[in-house]
Structure formats: structure tokens, C-alpha cells
1. Name the trypsin sites (Lys or Arg not before Pro) in the range 101-168 that are in a loop by DSSP and that have at most 10 other C-beta atoms within 10 Å, would you?
2. Please give the contour-minus-distance gain from residue 55 to residue 198: 0.36 nm per residue of separation, less the Cα-Cα distance, rounded to one decimal in nm.
3. Show the residues, 5+ positions off or on another chain, whose built amide H is closer than 5 Å to the amide H of residue 162.
4. Between residue 156 and residue 27, how high is the FRET efficiency from 1/(1 + (r/R0)^6) when r is the Cβ-Cβ distance and R₀ = 45 Å? Nearest 0.05.
5. So for each of 17-24, 134-141 I average, over its residues, the number of other beta carbons within 10 Å; can you give me the resulting order with the highest mean first?
6. Taking 0.36 nm per intervening residue step and subtracting the Cα-Cα distance, what contour gain separates residue 105 from residue 184 on full extension?
7. Within the range 45-131, list the GluC sites (Glu not before Pro) lying in a DSSP loop whose Cβ has at most 16 other Cβ atoms in a 10 Å radius.
8. Please report, in debye to the nearest 20, how large the charge dipole of the chain is about its Cα centre when each Lys and Arg carries +1 at its beta carbon and each Asp and Glu carries -1 there.
Amino acid sequence: MKIHYLQHVEFENLAYFEQIFTKKGHDISVTRQYLNESLPKVESFDWLVIMGGPMGIFDEQQYPWLAPEKHFIKSAIDSQKTVLGICLGAQLLAHVLGARVVPGEHREIGWFDVIPHLRIRETRLAPVFNQPISAFHWHSDTFEIPEGAYSIGSTDACSNQGFVFEDNVVALQFHLETTPASALALIDNCGHELDGSQYVQTTEEIKANTDRFTTLNRSATALLEAMGA
């Protein structure tokens with residue numbers, strides 16, 4: 001299988017997802033938007049993975065590649081590709097599917113439980129979200145659930161933590177792919193966002209329990225397998 005992913009900044013890559021795809025023998029390619037690399041033809045891949053980034057989806061003046069990326073994502077959905085969006089990627093998916101993307105009431109950074117919604121049991125992700133998941137978060141914006149999509153779940157800080165659309169499009173506001181190294185990269189590059197607000201943990205709290213990453217990455221494996229990887 002051919003996996004293509006969109007990378008928006010150098011420090012947010014596939015992280016643990018890459019280990020899973022490589023172990024399963026899938027071909028991986030990338031468009032590094034921060035280097036202005038060209039987008040491929042939609043026909044050239046089976047899966048599209050859209051990673052995170054500190055920019056907002058409407059920051060097209062500062063990041064002109066956002067506009068063609070939105071059209072590219074919509075083309076992948078229309079072509080019935082399997083599409084997975086993480087954080088910024090989830091917000092882009094919500095936007096191209098017609099839902100509003102807005103600043104969240106709370107910034108959410110650190111480890112917080114995602115409580116699954118009952119209707120997620122009607123999708124292929126039922127085995128993944130059959131109980132609360134301790135997930136890693138790093139976001140300020142949020143989105144509404146697109147028409148026809150199933151909401152994945154919520155946290156105390158954010159009522160919409162993801163959705164499934166037509167069983168082949170999955171958006172996750174939170175991160176399952178995070179490793180200790182990728183969490184440290186976020187802290188190094190976006191640490192100014194650790195503002196001490198209600199749902200923002202400290203660097204020490206984020207790094208305190210490395211077993212969390214192991215459990216998180218088991219959920220990442222379960223997610224990709226449920227999606228058909």
C-alpha cells in the first residue's frame with residue numbers, strides 16, 4: 001500500500017505512525033509543505049495522512065500552500081482515498097467538509113482523557129474507542145462536526161475531539177502518534193504556548209510518565225489497523 005503524508009513543519013512528522021507503516025511494508029512518501037514541495041497526483045497513493053502544525057487553517061497569506069492543500073485534500077476525499085488528519089490536519093478535514101473551524105474556549109496541551117461518544121460504535125473505529133483513551137493534546141483551535149460525520153469523543157476542555165466521515169475519513173484533534181522524542185520537539189519549538197492556563201500542563205507533567213507513550217502508541221496501532229493499514 002502507498003501512504004502519502006503532508007508535513008507542515010519540520011518538527012511534526014509521522015512519529016510512531018512511521019514505525020507502524022514501515023513494519024507493515026507500506027511505501028511512504030511525503031510532501032514537506034514548509035519546503036514548498038509539489039503535491040502528488042491523487043492517483044499515486046492509497047492513503048493520505050495530514051499532520052499537525054502551529055499555523056491556523058486560515059493563515060493562507062503567511063502560508064500560501066494552504067489553499068492548494070485544501071483543494072488537494074478535498075480531491076483525495078472525493079476519490080475515496082483513506083484519509084487521516086491529525087490536529088491541524090483534522091481541522092483542515094473539517095473545513096473542506098463544510099464545518100466551522102474556530103478558536104477553542106480553552107487551549108489544551110498535555111495528557112487528557114478522550115471520552116468516546118456512543119455513536120462511534122457504529123463505525124470501524126469501535127474497537128479503538130470502546131473505552132476512554134489517555135491521549136496527548138496540543139491545540140488551541142477546534143471544529144464543529146461535519147454533516148453526516150460521527151463524532152469520536154470529547155474532553156473536558158474540548159467537546160469535539162474528532163470524527164469519522166463515510167468510514168474512510170478520520171479526523172483526530174488529539175495525537176496518538178506522539179513519542180517522547182516528538183513531544184520534546186513540540187516543547188522545544190512551541191514551548192511558549194505552555195501558558196499555565198487551566199488545561200495546559202507543564203513540561204514536567206508532560207514528560208513525567210513515559211509509560212503513557214507506550215499505551216498511547218498501542219492505540220495508534222489499533223487505529224491504523226482498524227482503518228485497514
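Derivation of every value follows stated rules applied to the coordinates shown; laboratory data play no part. What you are looking at is a predicted structure, and each value in this text was computed from that prediction instead of being measured. All Cβ positions, glycine included, derive from the backbone under ideal geometry; neighbour counts span all protein chains shown.
1. Working: sites: 107, 119, 121, 124; in loops: 124.
Here no loop site has a sparse enough neighbourhood.
2. On the way: separation 143, 0.36 × 143 = 51.48 nm, distance 2.20 nm.
The residue 55-residue 198 span can extend by a further 49.3 nm.
3. Here the answer is 152, 153, 173, since their amide H atoms fall under 5 Å of that of residue 162.
4. On the way: r = 40 Å, r/R0 = 0.89.
After rounding to 0.05, the efficiency reads 0.65.
5. Values: 17-24: 16.5, 134-141: 20.2.
Highest mean packing first, the order is 134-141, 17-24.
6. Numbers: separation 79, 0.36 × 79 = 28.44 nm, distance 2.54 nm.
Here the segment from residue 105 to residue 184 would lengthen by 25.9 nm.
7. Working: sites: 60, 69, 105, 108, 122; in loops: 60.
Sparse-neighbourhood loop GluC sites (Glu not before Pro): 60.
8. Values: 16 positive and 29 negative charges, 123 e Å.
That gives the chain a dipole magnitude of about 580 debye.
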